[in-house]
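Have a look at the structure below before the remarks.
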Amino acid sequence: MIPEQRKQTHLAYGLATGLVVVIFNYFAYHFLFDKQSWLTMLPYLPFLIGIILNAIAYSKANNGAITFGNAFGSGFKASLLIALVSVIWILVCIKIFPAMKDRYMEISRQRAASNPQATDEAINASVQWMEKLYAPMMLFFTAIYNILAGFIFSLIGAAIAKKQPAAAE
């Protein structure tokens, strides 16, 4: 017996949410970048909403005949697309906003200088190291943070989506 194919929603929701996250990141960079507050986490809000909406749409598209695992899988696939769009955005940012690197380095220098035990040599060495690894670190941490957030948000979305597991089997 071949299991029935489920209708998928992750592609549309993942790409659309990824674009909204990029827009939020753009505004966060330009208006909230130097702020040390919860507002810098603002781009994760559309990410969470997009994953929840995907889980609900996935359930509706399949008449609720899904399990928690099905809903989680759909959400996680969408989150991987969001992570991909975010990584592509970081690559674009590195090229079109070269001043972003300078801003990061200045903030890093200020944070290091706020440590009373940090010497000028240690601060300079740290900033030089960060300048060399800037692009790989940005790409790596963008991917990791988005995948981790996607995992957590997919769990939330799967918990919210209506399920009729008996009908899904």
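Against the conditions (1) buried (at least 17 other Cβ atoms within 10 Å of the Cβ); (2) not in a loop (DSSP other than H, G, I, E, B), Glu131 satisfies every one except (1).
Could you check, for region 96-118, whether at least one of its residues is in a helix (DSSP H, G or I), at pLDDT below 95 and under 19 Å from Gly150 (Cα atoms)? No, because not a single residue in region 96-118 is in a helix (DSSP H, G or I), at pLDDT below 95 and under 19 Å from Gly150 (Cα atoms).
Test Ala158 against the criterion of being at pLDDT 90 or above, within 26 Å of Leu42 (Cα to Cα), of a type outside the set (Ser, Thr, Tyr) and surrounded by 12 or more Cβ atoms within 10 Å (Cβ to Cβ), and give yes or no.
The answer is yes for Ala158.
Residue count for region 65-79, restricted to those that are within 12 Å of Gln164 (Cβ to Cβ), hydrophobic (A, V, I, L, M, F, W, C) and either out of contact with any Gly (no Cβ under 7 Å at 6 or more places or on another chain) or without any contact (Cβ under 8 Å) to a residue 24 or more places away in the chain (or both): 3. Scanning region 98-121 for residues being under 17 Å from Pro136 (Cα atoms), surrounded by 15 or more Cβ atoms within 10 Å (Cβ to Cβ) and not polar (S, T, N, Q) gives a total of 4.
Kindly indicate whether Ala125 is of a type in the set (A, V, I, L, M), without any contact (Cβ under 8 Å) to a residue 40 or more places away in the chain and at negative phi. Criteria met by Ala125. When region 32-69 is limited to residues that are at pLDDT below 85 and under 12 Å from the mean Cα position of the chain (by Cα), the one that is surrounded by the most Cβ atoms within 10 Å (Cβ to Cβ) turns out to be Pro43.
Residues of region 136-148 that are within 18 Å of Ala99 (Cα to Cα) and either exposed (fewer than 14 other Cβ atoms within 10 Å of the Cβ) or without any contact (Cβ under 8 Å) to a residue 24 or more places away in the chain (or both): Pro136, Met137.
The values are calculated or read from the model by the stated rules, or taken from the named source; none is laboratory data. Nothing here was measured: the structure is a model prediction, and the numbers come from that model. Note that we place each Cβ from the backbone using ideal geometry, even for glycine, and neighbour counts take in every protein chain shown.
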